[in-house]
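Accompanying notes for the structure given below.
Please treat every number below as a calculation from the coordinates, not as lab data. What you see is a predicted model, and the numbers here were worked out from it, not measured in a lab. Ideal geometry is used to build each Cβ from the backbone, glycine not excepted, and the neighbour counts take in all protein chains shown.
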Amino acid sequence: MNKQMLCINNQEDEDIENWVNYSYTSFHQILLVGEGDFSFSLSLAHNLGSASNIVATSLDSYGSLTKKYKKARSNLVKLQKLGAFLLHEVDATKMKLHTDLKMRKFDRIIFNFPHAGFHGREDNPLIIK
């Protein structure tokens, strides 16, 4: 469910603040950790109306992502056009040391479904169990 609220900043300009499920707003600085094909980041950006406040990261390299996931390349292109800051090969356990992240502050950090460390395809029913 989207909710729009009218907000007035200090300069008395009117800006629209978009909310997604009362959890995320277009005014929040949002960090997404461990993205797979970046479809969640893209969905969030579409619902917020922009990705200029989104930093989305993946553990995989760009090359690995585009081989693993059919829609990764197109999702990344769309996110860039919407203004997202995208980082690859980011280990969530060492993020505080990452040069592009160590001085940033975020209102929301989203780590949807951390990888369990198995080897093989994630859509394999035995792996899912």
Exercise for the section: Under 14 Å from a label point 7 Å along Cα→Cβ of Phe111: give me every residue in the stretch 48-65 with its amide N that close. Expected result: 57-59
Practice task
Among DSSP beta bridges whose residues both lie in the stretch 23-113, state the antiparallel percentage, nearest 5.
Solution key: 0
Problem - Inter-probe distance in nm under a simple model that places probes 7 Å from Cα toward Cβ, at Gln29 and Ala92 - result: 2.1
